[in-house]
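See below for the structure under consideration.
The values are calculated or read from the model by the stated rules, or taken from the named source; none is laboratory data. Just so it is clear, the structure is predicted and the values come from calculations on it, not from any experiment. With ideal geometry, Cβ positions are generated from the backbone for all residues, glycine too; neighbour counts draw on all protein chains shown. These area figures cover heavy atoms from the full protein model, side chains too; ligands, DNA and RNA do not enter into them. Shrake-Rupley method; radii C 1.70, N 1.55, O 1.52, S 1.80 Å.
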Amino acid sequence: MASEPGGLAPPSEPARQRVRHAEVALRSIGQPNSVAGEFDFWNDRYEGRRLFSELLGTFFLVLVAVGGGMVSARFGGNAVPYAAKVVAPALMVAAIILFMGTVSGAHLNPAVSCAFALRSDFPWKRVPAYIVAQFLGAVLATLLLWALIGKQGSAGLTLPGPGISTVTAMLWELVLTTGLVSVILGTASGAQQIGPMAAFGVGSYIALAGLWGSPVSGASMNPARSLGPALVVGDWTSWWAYLVGPLAGGAIAVGFAYILRGPGGGRSGVAAAQGTLGIDWRPGSQPRT
């Protein structure tokens, strides 16, 4: 191995990483967590993995959410019972949070990404790429369903219920998304100390909101889930309700979080929003002793 003058071997990559983190820790003494974590915020080393996680997670979510309706349209009205269509996406979200949340934060939803950024738990710099990955996952899921079973029914669009205006659907989505993002921000704050159990809280809310709210607006609460299929189908009926409602609901939830818990940017909220890839753990084999 080559050595530097004086016979000292150059430091290994893990050693350099430890030194860098030590320097960051020294510079951040006495600073708020949001400032102390800014160097991790802007670390692009694992961004490709994080974006793939968002794409894959949103793909699976939309595959289930859109697939339920399309399978029923293909094989008959009760091929997938109504309750299953509502509960299946909720269970999928819980599973995705558990198995990929530490990689990207498992946002799966532009409204969630924007809310985390407004809360100072996530850098605005990374929001556009997250949203693109989420929409791409939704589009790919819809295209796969088309390829496998053909265009069925409304092809997974979320639409206002019979007799429901677009304005009413927008307000409905606003209210439902306010609750959803409130649950996400609350369980991410660390105040409840429930850790991975947050997945069940988020999944439970999605299921409960869908069971009573789906007939009115489809209970999307997610612009990617709604506008991804609309982009594929080319049907933009009431599309703005599923963009404005969730984004406004997420912003209101950020205001509620401030009232309940004060400013964001704390250690737990940041870890939940951006994942811990490259911070608490790193890919690759570890030395065995």
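Any idea which of (1) modelled with pLDDT under 95; (2) assigned to a helix (DSSP H, G or I); (3) within 21 Å of F200 (Cβ to Cβ) is the one S53 doesn't satisfy?
Tallying (1) modelled with pLDDT under 95; (2) assigned to a helix (DSSP H, G or I); (3) within 21 Å of F200 (Cβ to Cβ), S53 fails exactly one: (1).
Take the range 144-179 and flag every residue that is assigned to a helix (DSSP H, G or I) and either free of Cβ contacts under 8 Å to residues at least 24 places away in the same chain or closer than 19 Å to S72 by Cβ (or both).
Our first condition is that a residue be assigned to a helix (DSSP H, G or I); within the range 144-179, this holds for 144-149, 166-179.
Passing the criteria: L144, L145, W146, A147, L148, I149.
Going by the structure shown, is W281 open to solvent by 60 Å² or more (accessible area, probe 1.4 Å), in contact (Cβ under 8 Å) with a residue 40 or more places away in the chain and farther than 14 Å from G186 by Cα? Talk me through it step by step, then tell me what you get.
Values: open to solvent by 60 Å² or more (accessible area, probe 1.4 Å): yes; in contact (Cβ under 8 Å) with a residue 40 or more places away in the chain: yes; farther than 14 Å from G186 by Cα: yes.
Yes; evaluated as a whole, the condition is true for this residue.
Here are D44, D121: which of them is free of Cβ contacts under 8 Å to residues at least 24 places away in the same chain, acidic (D, E) and in a loop (DSSP other than H, G, I, E, B)? Steps first, answer last, please.
Values: D121 fails: free of Cβ contacts under 8 Å to residues at least 24 places away in the same chain.
It is D44.
Matching residues to (1) among the basic types (K, R); (2) touching a residue at least 40 places away in the same chain (Cβ under 8 Å); (3) in contact with a His (Cβ under 7 Å, 6 or more places away or on another chain); (4) in a helix (DSSP H, G or I):
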residue	(1), (2), (3), (4)
A209	no, no, no, yes
R225	yes, yes, no, yes
A248	no, yes, no, yes
F256	no, yes, no, yes
I259	no, no, no, yes
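Every residue in the range 231-246 that is β-branched (V, I, T) and either outside any helix (DSSP H, G or I) or open to solvent by less than 40 Å² (accessible area, probe 1.4 Å) (or both), please. Reasoning before the result, please.
Of the residues in the range 231-246, the ones β-branched (V, I, T) are 232-233, 237, 244.
Within the range 231-246, V232, V233, T237 meet the criteria.
This table checks each residue for (1) among the hydroxyl-bearing types (S, T, Y); (2) closer than 21 Å to V86 by Cβ.
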position: S214; (1), (2): yes, yes
position: P229; (1), (2): no, yes
position: G249; (1), (2): no, yes
position: I259; (1), (2): no, no
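So is A133 touching an Asp or Glu at 6+ places or on another chain (Cβ under 6 Å) and either over 18 Å from Y242 (Cβ atoms) or in a helix (DSSP H, G or I) (or both) or not?
Values: touching an Asp or Glu at 6+ places or on another chain (Cβ under 6 Å): yes; either over 18 Å from Y242 (Cβ atoms) or in a helix (DSSP H, G or I) (or both): yes.
When the stated conditions are applied, A133 passes them.
Can you tell me which of V66, V127, V62, V103 is in contact with a strand residue (DSSP E or B) (Cβ under 6 Å, 6 or more places away or on another chain) and of a type in the set (A, V, I, L, M)? Even if it seems obvious, please write down each step before you answer.
Working: V66 fails: in contact with a strand residue (DSSP E or B) (Cβ under 6 Å, 6 or more places away or on another chain); V127 fails: in contact with a strand residue (DSSP E or B) (Cβ under 6 Å, 6 or more places away or on another chain); V62 fails: in contact with a strand residue (DSSP E or B) (Cβ under 6 Å, 6 or more places away or on another chain).
Answer to the selection: V103.
Condition check: within 15 Å of the chain's Cα centre (by Cα), open to solvent by less than 10 Å² (accessible area, probe 1.4 Å) and of a type outside the set (G, A, S). Does V112 satisfy that? Step through it out loud before you land on a result.
Working: within 15 Å of the chain's Cα centre (by Cα): yes; open to solvent by less than 10 Å² (accessible area, probe 1.4 Å): yes; of a type outside the set (G, A, S): yes.
Yes.
Taking the range 65-109, which residues are touching a Pro at 6+ places or on another chain (Cβ under 7 Å) and either of a type in the set (D, E) or open to solvent by 40 Å² or more (accessible area, probe 1.4 Å) (or both)? Break it down into steps so the answer makes sense when it comes.
First, pick out the residues of the range 65-109 that are touching a Pro at 6+ places or on another chain (Cβ under 7 Å): 65-66, 98.
The one that is touching a Pro at 6+ places or on another chain (Cβ under 7 Å) and either of a type in the set (D, E) or open to solvent by 40 Å² or more (accessible area, probe 1.4 Å) (or both): L98.
If I ask for residues that are of a type outside the set (G, A, S) and modelled with pLDDT of 75 or more, which ones from the range 273-282 would you list?
Our first condition is that a residue be of a type outside the set (G, A, S); within the range 273-282, this holds for 274, 276-277, 279-282.
Correct list: Q274, T276, L277, I279.
Can you tell me which of (1) in contact with an Asp or Glu (Cβ under 9 Å, 6 or more places away or on another chain); (2) under 30 Å from I279 (Cβ atoms); (3) not charged (D, E, K, R) is the one L91 doesn't meet?
Among (1) in contact with an Asp or Glu (Cβ under 9 Å, 6 or more places away or on another chain); (2) under 30 Å from I279 (Cβ atoms); (3) not charged (D, E, K, R), the lone unmet condition for L91 is (1).
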